[in-house]
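A short worksheet on the structure shown next.
The values are calculated or read from the model by the stated rules, or taken from the named source; none is laboratory data. It should be emphasised that the depicted structure is a prediction, and the values quoted were computed from it without experimental measurement. Positions of Cβ are backbone-derived with ideal geometry, glycine not excepted, and every protein chain shown enters the neighbour counts.
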Amino acid sequence: MPEVRRGSACDPTPPWTAEDGANVDSSFSHGGHDEEKRADGSGGDGRPPGRVGVLTPDEDDELRRHRSHHHPPPQYGARASMEPRRSLSYALRPTAEVYYDSRAATRSEWRRRAMTLDEYYDDNPHLLPQLPFTWHHGRRRWRLWFFAFLAFVDASAVPIALYYGMRYAGHVEGWIIFAVVTSIWGGPTYVEFGVRTLRLVRRERFYRPLGTDGRWCFDMLNWASVLTITAVTALFIVGSAPHNVWLRVLCMPAPAILYCLGGVLALLTLFHATGCPAPCRISSTARGEKVLPGAYYFVEDVVAVNAGAGRPYREALAARYKASPRFRRMLYVQSLFWSVPALALAAALTVVALVHPVPATVAYGVCWAVPFLWMAVWGVITVSWCKREMVRERVEWEAGGGTAGKGSAQEAAAEMGQVPAAASPAS
């Protein structure tokens, strides 16, 4: 089903020639008032949906004015063209079968809304829940690429360049080299960790997991980050403390990242596959509920907190997981796709780092370069793979008229270990 975003960069096609999915309304922000008006299949102004050809004289005059470009409306957001936007009042727009308003993910809309996104999609089970977030518009895409580039340079390129450059070009002693490396390594990562922690402990609960109100109830990714930072810091301290540094120990921080993140991902996926209840709260999964695939929590926490989408994204992701069997399958497969190779690669790099036939100077470069190159390759594959899966998901949903979600809702609710959404605690 078409996804419509207010203020997105799009071709300025006149609304009266757009497809049925090109209408944007703000019904969600008013507690579903417009949905009630259209429950009988009519538009909000009493006309049948999509009836644009028969207009009153006043409506016809307004339509002619907009077609002649005499009264262009104000601009909203980024534009793909300098041509003035041609827009009609809401009363003249054809009624769309699909509702989606990207404002539902904003903090201002979150404060004033009448229902949560999961409640909205429970009331409209024929709609495929939309994820109110995109990397394709605004500055988020550039911020993502900039952070990924900065993290790669800081976490992989800088330790390699400093070690080989200072050792072979400057003939600097090892303990001095790693005093420099340890002091500057992971700067962007630590800053990002601090920012996401501050967001979670703020008085406003916009970023916190669903079902939690405590300021110190962190999500899964925060705890996984604490584990990873602790392991990497310990290896740096142990390896660089002696005057003659232990270079083979200093080969292990990058594989340790794979062990920590891949291990957490594999453990969560194992809990999900075996049906074990959650031993403690895991992001939006309460203690005693069934654990979801590990990739679900990584996606939920990264987009909700680091990318700033907040609780609306957590709600929409839960609704999408409950409604779509293909979406559930995709997340489970991605969990295996990332966790198993990560642990296997970490084990192989451990052998390279600790086996003495491999020179320590060679092992250092291999262990610091390979993990991040692997992450880049796996990330490109994942993006392409998930795009194809989500296209197939949408085609199947439209072909079935939304029946796929209805047939699997109870099954998914049982899988998530939750009661029906109407009785679930409001977030």
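Looking across SER324, SER284, SER339, one residue alone is hydroxyl-bearing (Ser, Thr, Tyr), within 30 Å of PHE236 (Cα to Cα), touching a residue at least 12 places away in the same chain (Cβ under 8 Å) and in the same structural domain as THR212 (by TED's automatic domain parsing). It is SER339.
The sole residue among ARG205, ARG141, ARG199 that is in a helix (DSSP H, G or I), crowded, with 17+ Cβ neighbours inside 10 Å and not hydroxyl-bearing (Ser, Thr, Tyr) is ARG199. Of the residues ILE229, ILE160, ILE237, the single one that is in the same structural domain as ILE257 (by TED's automatic domain parsing) and under 27 Å from PRO279 (Cα atoms) is ILE229.
Inspect segment 184-192 for any residue being of a type in the set (Gly, Ala, Ser), surrounded by 14 or more Cβ atoms within 10 Å (Cβ to Cβ) and at positive phi and give the result as yes or no. Yes, the conditions are met somewhere in segment 184-192.
Taking segment 300-327 as the range and being farther than 16 Å from SER284 by Cα and either buried (at least 21 other Cβ atoms within 10 Å of the Cβ) or touching a strand residue (DSSP E or B) at 6+ places or on another chain (Cβ under 7 Å) (or both) as the test, the residues that pass are ALA323, SER324, PHE327.
Per-residue answers, yes or no, for (1) within 28 Å of GLN130 (Cα to Cα); (2) part of a helix (DSSP H, G or I); (3) among the charged types (D, E, K, R):
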{"position": "ALA318", "(1), (2), (3)": "yes, yes, no"}
{"position": "GLN334", "(1), (2), (3)": "yes, yes, no"}
{"position": "ALA344", "(1), (2), (3)": "no, yes, no"}
{"position": "HIS356", "(1), (2), (3)": "no, no, no"}
{"position": "GLY379", "(1), (2), (3)": "yes, yes, no"}
{"position": "VAL383", "(1), (2), (3)": "yes, yes, no"}
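In the set TRP246, TRP223, which member is aromatic (Phe, Trp, Tyr) and in a helix (DSSP H, G or I)? Of the residues listed, the single one that is aromatic (Phe, Trp, Tyr) and in a helix (DSSP H, G or I) is TRP223.
Can VAL264 be described as within 16 Å of LEU210 (Cβ to Cβ) and not in a loop (DSSP other than H, G, I, E, B)? No; evaluated as a whole, the condition is false for this residue. Set side by side, the residues PRO125, PRO159 differ, and just one is modelled with pLDDT of 80 or more and outside any helix (DSSP H, G or I), which is PRO125.
The residue that is modelled with the lowest pLDDT, counting only those in segment 199-212 that are over 19 Å from the mean Cα position of the chain (by Cα) and either hydrophobic (A, V, I, L, M, F, W, C) or over 18 Å from TYR313 (Cβ atoms) (or both), is ARG203. Selection within segment 238-258: residues that are over 19 Å from VAL362 (Cβ atoms) and surrounded by fewer than 20 Cβ atoms within 10 Å (Cβ to Cβ). The member of this set that is farthest from the chain's Cα centre (by Cα) is HIS243. Tell me, yes or no, whether segment 322-331 has at least one residue that is over 24 Å from PRO255 (Cα atoms) and of a type in the set (Ser, Thr, Tyr). Yes, some residue in segment 322-331 is over 24 Å from PRO255 (Cα atoms) and of a type in the set (Ser, Thr, Tyr).
From the list PRO371, PRO341, PRO357, the one residue that fits, being surrounded by fewer than 17 Cβ atoms within 10 Å (Cβ to Cβ), out of contact with any strand residue (DSSP E or B) (no Cβ under 9 Å at 6 or more places or on another chain) and closer than 27 Å to ARG196 by Cβ, is PRO341. Scanning segment 269-308 for residues that are under 20 Å from TRP378 (Cα atoms) and assigned to a helix (DSSP H, G or I) turns up THR269, GLY294, ALA295, TYR296, TYR297, PHE298, VAL299, GLU300, ASP301, VAL302, VAL303.
Taken over segment 299-316, the criterion of being of a type in the set (Gly, Ala, Ser) and farther than 11 Å from TYR207 by Cα is satisfied by ALA316 alone.
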